[in-house]
Amino acid sequence: MPHRTRSVNPTLDQRSEDYRRYIHMRLLEQFVQDARCALRSMRRNPGFTAVAVFTLALGLGANTAIFSVLYGVWLSPARYAQSERLVDVSRQQLAGHRFMGGASYSDLSDWKAQAKIVEDFGAHRYAHQVNISGDGGAEEVIGHRVSANLFGLLGARPILGHTIDPEADRSTGPRQALVAYAWWKRRFGSDPAVIGKKIQVNDEVFTIAGVMPQGFEFPPMGSAEYRPVIWMSLNRSAEQEHSRASQSLSVVARLRAGATTTEAQAEMSTVAARLAAAYPAEDGGWGIKVTRLNDVRQLEESRPALLLVMVAASLVLLIACANIANLLMARALGRQREMAVRQALGATWQRLARQVLTDSGILALSGGLAGVLLAYGALPFLKAALPPGMARTDEIAVNGTVLWFAAALSLLTGLVFGALPAVRPGPSRGHNRATRMLVTVEVALATMLLCGAALLMESFRRVSNVDLGFRKEHVLTMRLQLTRKRYPDGTRVAAFRTELLRRAQALPGMQYAGTVSALPMGIVMQGTEFEIEGRPETSREKPFVDYANVSTDYLRAMAIPLVRGRYFDAGDRSGSPPVAIISDSMARAYWPSGAALGSRIRFVNAWFTVAGIVKDIQQYSPEHGARGGTIYALNEQLPVETQGNDMARLMILVMRTAVDPAPITGTMRRAVAEIDKDQPVAAMSTLEQLVWRTLAARRLNTLLVGLFAGLAIVLAAVGVFGVTAYAVARRTKEIGIRMALGATPASVLRMVARETLLLAVIGTALGIGGAVAASHLLARFLFGVKPAEPVIVIGVAITLVAVVVASGALPARRATRVDPMVALREE
């Protein structure tokens, strides 16, 4: 029999347990009593309650709304089965720029054979824009190539049909596709008979195998406008299967249960080292990077911006807390007699402090509830203001996690603003000093926010006024991607382009129309290496610049100014000596003596004579500037093999009109349909819209931080008003004595204003110091502005001091109207 230890005194154990139960019940009773008292106090003081709840609702609502965005687009787990075990596996350059690269089928086969910590690998490959034709008309959508096992690896199944068959991974297998729920609903009218239906995607015919559930997305990273609506089988060729040079695959893996990302990274680094030693030509200098799939699904540049706005909202909440703390302290002083009576009846300081904390906690929860309702109402407007390309905006909502966040933040807020009144719940000489300290903190935080907002506003103003190198007004653009099957060579491509330009130029009000392969502010970029005739190569790497193949009037349609030489003209055509036009920065960089005109350069395996030099343009965005220069060449003068390649078949039509170009959108769509009924038109927008789209995130940050700064100023002004009014009320007798002894209203006004000014100066000075100390955190969001721009900082300081002094002016004027006889009779 095992030995059991028995209590020496079971009666003592029972008494201890009963005593603990008694303490717990007593604490619960006291909490219920305190809560009832707090609710009665809130009902008796509806004005105080309304002001406190509204103030808290503004701060808590702002934080709840911003956290909803933060959680939806970044923090929420991906909607895949056991997503914590899913990782992205990519090749990464070990030195130099550390570029990320895709894997070959041979790489993937070796990874599967050598990685023991990975349960399975799935492959996918971007197809980007694809043309859909057939029933329902021509349409361009985003497509993706996936391996047959990928959706099973993600734990995702179609709601109709089945996943892609394993045989579809090979070129000899069936061509199958899965479609997104929303697209199935829009294009096929939610018809369940769509399973087995054939659709043409570019040059291939695919059979629809299934419809994915509503809300499913893959890949989970990137912008919403580039989210796939059709997933097609890989159908890899034999050449792709055995070639290590074809490194186009992205890879997702599921780790074995219990394995960590760190362990997977260590194993895959070992695998990469083995492959680099075995295949130095293809895998030498490359490692493998393993990243949690949850961490790669949002574009990196979006995260700092979201955090910046969250910090701004948090500062507003802190200012609100300081305001409520001041209100509670003022109310505590008004309850001096009540507190004294309770202490005389035996209430301890700790008991009174619990009462104050319970008051603040219930007040905070009430403000939190109002804040959640405010956030719920504001969320549709906030989502509408988000950049159009931001991913996962459909997942932004006031969900369970957001509600838990709001509840926790409300309780924490209650502790923050209730802590100081709870330290001395009864009368105390330090209350006046504490209230002034809180107001100083409010002014300091408001100063920091206003400094940040002012810097962002000036930065946005400057980036909006950047010289783009072209005129964006009255320009309409549309993108067309011709398929290889219908346009197999340059002759067919040129015929389509010629007819398209003829129809565009015939429209009323049209000034110039041209085509280009890579439009400024667009997603697709094109570059080329080149060499200069008569100059020996001095390094292994040839110079690299942006490159665009264009039609004759493209530069005129964009209104890109000519610096020297000439534009393309009618004499530049197929069969005539090839000419090119280069940008000014390229001319200055490679011909500093000014001899660029007439020089010959070689690119795309042909020699071109520089006929003109044009102004540099902002190719990527207004804030990134020109990068190394640009070469423009005519489509008709490119080598024959180039005129029919993928970039030649991707053409963006640019049309400059004398008036608003919006009315011609329908006409141009019909013109394309008349030329080729199966050719979809995509991305039709004005050039102004494209430019503003690149500034959407910056504009939103500026707007939100500016809004929070304005709210902070209002709260700080209210805080100063309250403290000044309370100070005047407390000093009524003193002011009356001063005036009875001969003090003038002006001297009393100066006395009160001097104290307010002191609060403003101290708070503003502390705020500017904090803003300067944290300025490096703001530097990445600024353009053309120093993080601590003196003019802006001084302007903010003057503004804050003026606002604070003005907010104390009304109570100060009331002080000058005090009747000495009435004041002296006050008890």
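Rolling a 1.4 angstrom probe over the protein heavy atoms with all chains in place gives segment 181-281 an accessible area of 45 Å² per residue. Cα centroid separation, segment 765-788 to segment 604-678: 41 Å.
Taken along its principal axes, the alpha carbon cloud of segment 546-661 reaches lengths of 41, 33, 25 Å, longest axis first.
A dipole drawn for the chain from +1 and -1 charges on Cβ atoms has a positive end, and of 586, 265, 544 the residue lying farthest that way is 265.
Rounded to the nearest 20, the size of the Cβ-charge dipole of segment 526-618 about its Cα centre is 180 debye, with Lys and Arg at +1 and Asp and Glu at -1. Our helix-only sum for the chain, with -39,500 (n - 2.57) per DSSP H run of n ≥ 4 divided by its residues, gives a mean residue ellipticity at 222 nm of -16500 deg cm²/dmol. Heavy-atom accessible surface of residue 260, to the nearest 10 Å², is about 60 Å², with a 1.4 Å probe and all protein chains retained. Annotation for segment 108-193: trypsin sites (Lys or Arg not before Pro) lying in DSSP loop with at most 15 further Cβ atoms inside 10 Å of their Cβ are 116. Rolling a 1.4 Å probe across all protein chains gives residue 786 an accessible area of roughly 140 Å². Checking (1) 32.4; (2) 28.3; (3) 29.4 against the coordinates, the calculated Kirkwood radius over Cα pairs in Å falls under label (1). Candidate cross-link partners of residue 615 among the lysines, defined by an alpha-carbon separation under 21 Å and a same-chain spacing of 8 or more, comprise 472. The accessible-area ordering, largest first, of the residues 191, 546 stands as 191, 546, per a 1.4 angstrom probe. A straight Cα-to-Cα reach below 17 Å connects residue 542 with the aspartates and glutamates 529, 531, 533, residues fewer than 8 places away in its own chain not being considered. Candidates 575, 74, 102 compared by Cα position along the dipole of the chain: farthest toward the positive end lies 74, with charges placed on Cβ.
Within the assembled protein chains, the solvent-accessible surface assigned to residue 741 is about 150 Å², based on a 1.4 Å probe.
When you restrict to C-alpha pairs under 8 Å that are six or more residues apart and normalise by the size of segment 609-734, the relative contact order lands at 15 percent.
Can you give me the % of accessible surface on the chain that is carbon or sulfur? Probe 1.4 Å, all protein chains present, nothing else counted. Looking at the chain in its full context, I get 59 percent from C and S. The alpha-carbon of residue 197 sits under 22 angstrom from the alpha-carbons of these lysines, leaving out residues fewer than 8 places away in its chain: 185, 485, 677. Loop-located trypsin sites (Lys or Arg not before Pro) in segment 551-657 (DSSP state other than H, G, I, E, B) with a sparse environment of at most 15 neighbouring Cβ atoms within 10 Å: 566, 573.
Separation of segment 171-211 and segment 258-275, taken as the distance between their Cα centroids, equals 38 angstrom. Ordering 661, 690, 637 by Cα displacement along the dipole of segment 583-720 toward the positive end leaves 690 in first place; charges were set at the Cβ atoms of Lys, Arg (+1) and Asp, Glu (-1).
If you add up the charges near residue 321, with Lys and Arg at +1 and Asp and Glu at -1, over every other residue whose beta carbon is less than 15 angstrom from its beta carbon, what do you get? Surrounding charge for residue 321 is -2. Think of a 1.4 Å ball rolled over the protein heavy atoms: segment 652-781 then has 46 Å² of accessible area per residue.
All C-alpha pair distances within segment 479-599, sorted into 10 Å bins from zero, spread as 10, 34, 36, 17, 3, 0 percent across the bins.
The values are calculated or read from the model by the stated rules, or taken from the named source; none is laboratory data. Quantities reported herein were computed from a predicted structural model and do not represent experimental measurements. Heads up, the Cβs are rebuilt from the backbone with ideal geometry, glycines too, and the neighbour counts pull from every protein chain shown. All accessible areas refer to the heavy atoms of the entire protein, side chains included, with ligands and DNA or RNA removed. Shrake-Rupley method; radii C 1.70, N 1.55, O 1.52, S 1.80 Å.
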